[in-house]
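The values are calculated or read from the model by the stated rules, or taken from the named source; none is laboratory data. If you're wondering where the values come from, they're calculated on a predicted model, not measured in any experiment. Virtual Cβ from ideal backbone geometry, glycine too; neighbours counted across all protein chains shown.
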Amino acid sequence: QAKQGGRGRHALFAATMDEALSERSRLLADLRRAVVSDELVLHYQPRVDARDGCMRSAEALVRWQHPELGLLSPARFIALAEESDLIEAIGIWVMREACAQMARWQRQGLVLERVSVNVSPRQLVSGRLVGEVDRALADHGVAPDRLELEVTESLLVGDAKQACEQLEAVRRRGVLIALDDFGTGYSSLSTLRQLPVDVMKVDRAFVKDLGQDDSALAVTRTILTLARSLGKHTVAEGMETAEQADLLRELGCDEMQGFFFSRPLTPAQFEALPQFAGAALASIG
Ligand code: C2E
Ligand code: MG
Ligand code: MG
Ligand code: MG
């Protein structure tokens, strides 16, 4: 009796595992198709200058318009893509689409100084990144200093030397490199000091407790001081309240990005931002 129950549970567990696995493989197959059949889209989240409140740049964030499941956030598919070879194709698509969008906006008289795109550590091991960056910029006539690549400390887990060489090569062209999710990784200070980056993005993990928790304030201040003393441009992400934005401004953060200013927007929503339209007027007049 007991034995039978055990088998039953095992069978049930196995069935659930099977389901999870087949759902995963289905999603992976769908994703493979998504890349070629134009189901990926980019949303753009404004990054605001902390001193004058002007929008200087935006982060491009990928979404997947799945034919049956609707609009999927990167949390649903980026890890899956990273476990397969698909992240490379997605990464290239994202970079090319962001450059194409910059060029379209420019033609419409809408000027955004810079766009940032997220780059997965796997894109840094193939050795193809530099060529793809060159091609994306050249094909769309975008100047290198208008593109920023966001990388995380996890690039140091694999072949760190190869990854840093790739970043150095991209950087020599004038493309900016940002360290994303800064403060959540495990790099030593001496490693951080050597990373070829221009920008440090303070993770939301610190920002979200600002105004509630004194230790969050102390840690955020320390992170910003460290970044500044290394000569880096600083961006804080995830401020949702006016108080958090005020505190970050007081702490001397250079740029801010968070729901308090704007959620990530579709290109059409982005174009309707009064700030963006203002930039267009200025460039025409
Ligand atoms: P990330 O690069 O750190 O991007 C910031 C994430 O924080 C975005 O989530 C953004 O919507 C969210 N965020 C911004 N401000 C706030 C706020 O005030 N409150 C809250 N609660 N969240 C805020 P999203 O778009 O879901 O992206 C999640 C992650 O997926 C990104 O984190 C990035 O690691 C990854 N990702 C997104 N697009 C790409 C891509 O094109 N390529 C790769 N490799 N990864 C991407
Ligand atoms: Mg990012
Ligand atoms: Mg981030
Ligand atoms: Mg993050």
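Would you call A138 buried (at least 17 other Cβ atoms within 10 Å of the Cβ), in a helix (DSSP H, G or I) and without any contact (Cβ under 8 Å) to a residue 24 or more places away in the chain?
Taking the combined requirement at face value, the residue does not satisfy it.
Do we find that A98 is surrounded by fewer than 21 Cβ atoms within 10 Å (Cβ to Cβ), in contact with a Ser or Thr (Cβ under 9 Å, 6 or more places away or on another chain) and either under 20 Å from F77 (Cβ atoms) or modelled with pLDDT under 95 (or both) in this structure?
Here the answer is no, as A98 does not meet what is asked.
Conditions (1) among the hydroxyl-bearing types (S, T, Y); (2) within 18 Å of the chain's Cα centre (by Cα); (3) over 20 Å from A81 (Cα atoms); (4) assigned to a strand (DSSP E or B), marked per residue:
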{"residue": "M102", "(1), (2), (3), (4)": "no, yes, yes, no"}
{"residue": "Q123", "(1), (2), (3), (4)": "no, yes, no, no"}
{"residue": "D134", "(1), (2), (3), (4)": "no, no, yes, no"}
{"residue": "G185", "(1), (2), (3), (4)": "no, yes, yes, no"}
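Here is a yes/no grid of residues against (1) closer than 15 Å to A58 by Cα; (2) modelled with pLDDT of 95 or more; (3) more than 16 Å from ligand 2 (Cβ to nearest atom):
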site	(1), (2), (3)
A81	no, yes, no
M102	yes, yes, yes
N118	yes, yes, no
L124	no, no, no
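Working only within the range 185-215, note down all residues that are within 16 Å of ligand 1 (Cβ to nearest atom), without any contact (Cβ under 8 Å) to a residue 40 or more places away in the chain and touching a Lys or Arg at 6+ places or on another chain (Cβ under 8 Å).
Result: M200, single match.
Residues to consider are A169, A216; find the one that is modelled with pLDDT of 95 or more, assigned to a helix (DSSP H, G or I) and more than 16 Å from ligand 3 (Cβ to nearest atom).
Answer to the selection: A169.
What is the one condition in (1) among the acidic types (D, E); (2) touching a strand residue (DSSP E or B) at 6+ places or on another chain (Cβ under 7 Å); (3) without any contact (Cβ under 8 Å) to a residue 60 or more places away in the chain that E165 does not satisfy?
With respect to (1) among the acidic types (D, E); (2) touching a strand residue (DSSP E or B) at 6+ places or on another chain (Cβ under 7 Å); (3) without any contact (Cβ under 8 Å) to a residue 60 or more places away in the chain, E165 is out only on (2).
Take the conditions of a type in the set (D, E, K, R), modelled with pLDDT of 95 or more, surrounded by fewer than 20 Cβ atoms within 10 Å (Cβ to Cβ) and more than 14 Å from ligand 4 (Cβ to nearest atom) and apply them to R221. Does it pass?
Yes.
Is there a residue in the range 237-249 that is away from ligand 3 (no atom under 15 Å from the Cβ) and in a loop (DSSP other than H, G, I, E, B)?
yes
Can you go through V157, V175 and tell me which one is aliphatic (A, V, I, L, M) and more than 16 Å from ligand 2 (Cβ to nearest atom)?
Going through V157, V175 in turn, just one is aliphatic (A, V, I, L, M) and more than 16 Å from ligand 2 (Cβ to nearest atom): V157.
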